[in-house]
1. Measuring from label point to label point, each 7 Å out along Cα→Cβ, what is the LEU40 to ASP24 span in nm?
2. Once you list every other residue whose beta carbon is under 13 Å from the beta carbon of LYS26, what net charge do they have if Lys and Arg are +1 and Asp and Glu are -1?
3. Among (i) -0.72, -0.87, -1.11; (ii) -0.91, -1.05, -1.23; (iii) -0.73, -0.82, -0.96, which one is log10 I(q)/I(0) by the Debye sum over Cα atoms at q = 0.21, 0.23, 0.26 Å⁻¹ computed from these coordinates?
4. Note down the magnitude of the dipole of the chain about its Cα centre, charges +1 on Lys and Arg C-beta and -1 on Asp and Glu C-beta and zero elsewhere, to the nearest 20 debye.
5. For LYS54, give me every one of the lysines with a C-alpha distance below 29 angstrom, ignoring sequence neighbours fewer than eight places off in its own chain.
6. Helix-only estimate, please: 222 nm mean residue ellipticity of the chain, summing -39500 (n - 2.57) across DSSP H runs of length 4 or more and dividing by its residues, to the nearest 500.
7. Please give me the summed charge of the neighbours of MET1: other residues whose Cβ is under 9 Å from its Cβ, Lys and Arg +1, Asp and Glu -1.
8. Working from Cα positions, state the angle (0 to 90°, nearest 10) between the long axis of helix 24-38 and the longest principal axis of the chain.
Amino acid sequence: MFLYKIEIELEDASGQLIVLAETDEKAFETVDSQLERHYLKMPVLKSAAIVEKKRTATGAGYYVPHQT
């Protein structure tokens with residue numbers, strides 16, 4: 001299993017999604033379902049790109065700073 005950091009670009013916003021998946025393909029398959037859980041109305045997804053990939057292990061994680 002891998003921990004993926006995926007950069008998401010929506011029509012009027014952007015963000016990062018952290019996902020646990022077995023393969024790159026399965027990580028991308030979860031993008032829509034994760035967005036559906038966060039938004040009441042599904043936004044238009046312009047792009048999604050893996051920016052980091054780490055093997056899962058105790059203590060594995062990502063720092064995601066606020067953007068102001």
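Values quoted throughout were computed directly from the atomic coordinates according to the rules given, and no laboratory measurement underlies them. Please read all numbers here as calculations on a predicted model, not as lab measurements. A quick note on method: Cβ atoms are made from the backbone with ideal geometry, for glycine too, and the neighbour counts reach across all protein chains shown.
1. Between LEU40 and ASP24, the label points sit 3.8 nm apart.
2. On the way: positive: LYS53; negative: GLU22, ASP24, GLU25, GLU29, ASP32.
Charge balance near LYS26 sits at -4.
3. Here log10 I(q)/I(0) by the Debye sum over Cα atoms at q = 0.21, 0.23, 0.26 Å⁻¹ agrees with entry (ii).
4. Values: 8 positive and 11 negative charges, 58 e Å.
Roughly 280 debye, rounded to the nearest 20.
5. Hits, sequence-local ones excluded: LYS5, LYS26, LYS46.
6. Numbers: 1 runs with 15 residues, N = 68.
Mean residue ellipticity, 222 nm, calculated: -7000 deg cm²/dmol.
7. Working: positive: ARG55; negative: GLU22.
That sum, taken over residues with Cβ under 9 Å, equals 0.
8. With both axes taken from Cα atoms, the answer is about 50 degrees.
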